[in-house]
Amino acid sequence: MKSVNDKLEEICGTLKKMDTIETALNSLVKENAVLREDMAVIKKDNAKKDEAILQLTEHCNKLDQAARSTTLRIIGLPVTALTTHADLMKTVYKEILQPILVAAKASGEIPEAAQAIPHYMIDNVFCIPSKSGTPTPVILKLSSQFMRSLIFRYKKTALPVFKDNSNRERSKYSVFEDLSPANHAIFRSFADDKKRVKSVWSFGGQIRFKTHDSETVYKVKSITDSYDTLVKPTRSTPASRLHSPMAS
């Protein structure tokens, strides 16, 4: 009987421990449920914050790009980082602005008697650092949108050209829009994707590109856009970002 009583006491002790464990488990389950609810709220709040951050980033990028609306990036000019500001202005005027003005006068877009004074046309100009052995890029900020539009309109016909090793005629100087850091990074991502992207360019600060298997022009509208988000969905269903062909 003593042995049986000892066993019963042992069993009762075990049962009490199990009750204590069950109580603890129930408490943990309740705490876990509360934590899950709190985590869901936190995730929802974080999603809202992420969306707000993205919107602010997009807005800042648009403002940054708008601030560059009269700014151009020129590559190929015979200048270096040591070129003085005065010589840089003379070079930009002689090699870029003057040929454009001659072409615009010849087409009647500006009067023949119009006088072009470099200091009135150029708001600022400076070189930016480049890797050794590569051309020094020049940033040109113009005084008006009108002059900027003239440059893009006549750069292919007015600026000097040369023939490369394959006897193809190429522009001596490359003139691009001055893109914001975010837009420039997007531009480079498409330019480096040579297997899928046929051509890429910008217009009004907006990145545009064509694929090798289509003449459709895709427009990048967000800093989160990529080749996969813009092109692949259109293979099966039309997308709002799919646009009619246009020449680059």
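A short reminder: the numbers here are calculations on the coordinates, not readings from a lab. From a predicted model like this one, the values you see are computed outputs, not experimental measurements. Please note: Cβ atoms are built from the backbone with ideal geometry, for glycine as well, and neighbour counts cover all protein chains shown.
With a simple spin-label model that places each label point 7 Å from the Cα along the Cα-to-Cβ direction, the separation between ARG196 and THR216 comes to 1.3 nm. Going by neighbour counts of Cβ atoms within 10 Å, the residues PHE209, PHE126, PHE187 line up, fewest first, as PHE126, PHE187, PHE209. A crude spin-label estimate for the pair ASP45 and THR229, with each label 7 Å from Cα along the Cβ direction, gives 2.6 nm. Residue order for LYS90, LYS16, fewest other beta carbons within 10 angstrom first, comes to LYS16, LYS90. Across every direction, the projection of the convex hull enclosing the Cα atoms of segment 4-106 has a mean area of 15.8 nm². Sketch the reach of a paramagnetic label on SER143 as a point 7 Å from Cα along Cα-to-Cβ, and name the residues of segment 152-185 whose backbone nitrogen lies under 19 Å away. Inside the label zone: 152. A Gaussian network model of the chain, with springs between Cα atoms under 10 Å, assigns the largest mean-square fluctuation among SER189, SER132, SER166 to SER166.
When the alpha carbon gyration tensor of segment 174-234 is reduced to an equivalent ellipsoid, the three semi-axes, largest first, read 18, 13, 10 Å. When the convex hull of its Cα atoms is viewed from all sides, the chain shows a mean projected area of 26.2 nm². Within the listed set LYS43, LYS194, LYS30, the residue fluctuating most in the Gaussian network model of the chain (springs between alpha-carbon atoms under 10 angstrom) is LYS30.
Of the residues LYS131, LYS198, LYS172, the one that moves most in a GNM of the chain with alpha-carbon contacts below 10 Å is LYS131. Segment 1-41 and segment 168-186 have Cα centres lying 70 Å from one another.
The separation of segment 58-72 from segment 117-149, counted between C-alpha centres, amounts to 16 Å. The Kirkwood hydrodynamic radius of segment 69-178, based on inverse pair distances between different Cα atoms, is 14.5 Å. Checked against a 32 Å cut-off, the cross-linked pairs LYS155/LYS219; LYS141/LYS198; LYS172/LYS210; LYS48/LYS195; LYS62/LYS131; LYS194/LYS221 give Cα-Cα distances beyond that limit for LYS48/LYS195.
Segment ARG188..PHE126, full-extension length gain: 20.1 nm, with 0.36 nm per residue of separation and the alpha-carbon distance subtracted. Model label sites at GLN206 and LYS62, defined 7 Å from Cα along the beta-carbon direction, differ in position by 1.2 nm. Once the Cβ-Cβ distance of LYS16 and ARG36 is raised to the sixth power relative to R0 = 41 Å, the FRET efficiency obtained is 0.85.
Counting 0.36 nm for each residue step from THR134 to LEU25 and taking away their Cα separation leaves a gain of 32.4 nm. Listed from fewest to most Cβ neighbours within 10 Å, the set GLU9, GLU177, GLU58 follows the order GLU9, GLU58, GLU177.
I need the calculated FRET efficiency for the pair ALA81 and SER174, taking r as the beta carbon distance and R₀ as 25 Å, to the nearest 0.05. For R0 = 25 Å, the calculated efficiency reads 0.85.
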